[in-house]
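All remarks here apply to the structure that follows.
The values are calculated or read from the model by the stated rules, or taken from the named source; none is laboratory data. Remember, it's a predicted structure, so these values are computed and weren't measured experimentally. As a convention, Cβ positions derive from the backbone with ideal geometry for all residues, glycine included, and neighbour counts pool all protein chains shown.
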Amino acid sequence: MKNSLRLLKIISLFATVFGIGCLNTGCIPNETDQPATNSADIPMVVVDLSTPRASFESLATAISSDDHTARLACLTTTEKNREAGVAALNLMQLAVKSPSDGDRFLKILDDHGLSQQTINRAMASYSSGSVGMPGFTEKIGEKIHDLPQFHDKISKIATRPPIQELSFISATPENNQMLGRIKIGNREAVITFRQIGDKWLIDSPIH
């Protein structure tokens, strides 16, 4: 455990320096874990990826319904991996900040294929300068198994800030992709959509 935490302290410094933000789930430990949710009780969100608007509205519905499978279906593979990598780094930071729960948090990572050896390899790629921070988080994320369950477990140990209303404004073509203008609560933001086959998938974080 000491070796793991020493490595995680180094990673937490990288995360702070490069401005890795918290997840939608918040990554603030609850005083007590929330009871497990029976997935059969969660309605399956119908995902429509036929247009940028449909994809974004499917994403918004999935977020409000806590349907991680549907939410991830709206993202490109690259974005899924980047998001999972950020989630993993946030969980590692929690292990550093809350040593009493460190083993439990690290077990979630280990159960989903993110061993210390895997983290070491990713760190080596980052330290050599062969990848930047987005590439680093992607390398971490692509090693994680069963992403919907991974995000569901994290949501059980984190306090999420109130979900803001998400609405689609427009999308315009640019360089073989679509730039979408959306609203998050009262502010406007931009996201990128990429067409993969007949599907429009979200390929960037919400800015």
> Looking at segment 121-203, what strands (runs of 3 or more DSSP E) fall wholly within it and have at least 1 residues that are modelled with pLDDT of 90 or more and among the basic types (K, R)?
Replying inline: 177-184, 187-196, 199-202
> What are the residues in segment 39-88 that are of a type in the set (S, T, N, Q), over 13 Å from the mean Cα position of the chain (by Cα) and not in a helix (DSSP H, G or I), if any?
Replying inline: S50, T51, S65
> Taking segment 177-207 as the region of interest, how many residues are free of Cβ contacts under 8 Å to residues at least 12 places away in the same chain and either of a type in the set (A, V, I, L, M) or more than 19 Å from D48 (Cα to Cα) (or both)?
Replying inline: 2
>> For segment 67-79, give me the residue count where each residue is buried (at least 19 other Cβ atoms within 10 Å of the Cβ) and out of contact with any strand residue (DSSP E or B) (no Cβ under 8 Å at 6 or more places or on another chain).
In response: 6
> Quick one: L109 ticks every box in (1) part of a helix (DSSP H, G or I); (2) at pLDDT below 75 bar one, so which box is it?
Replying inline: (2)
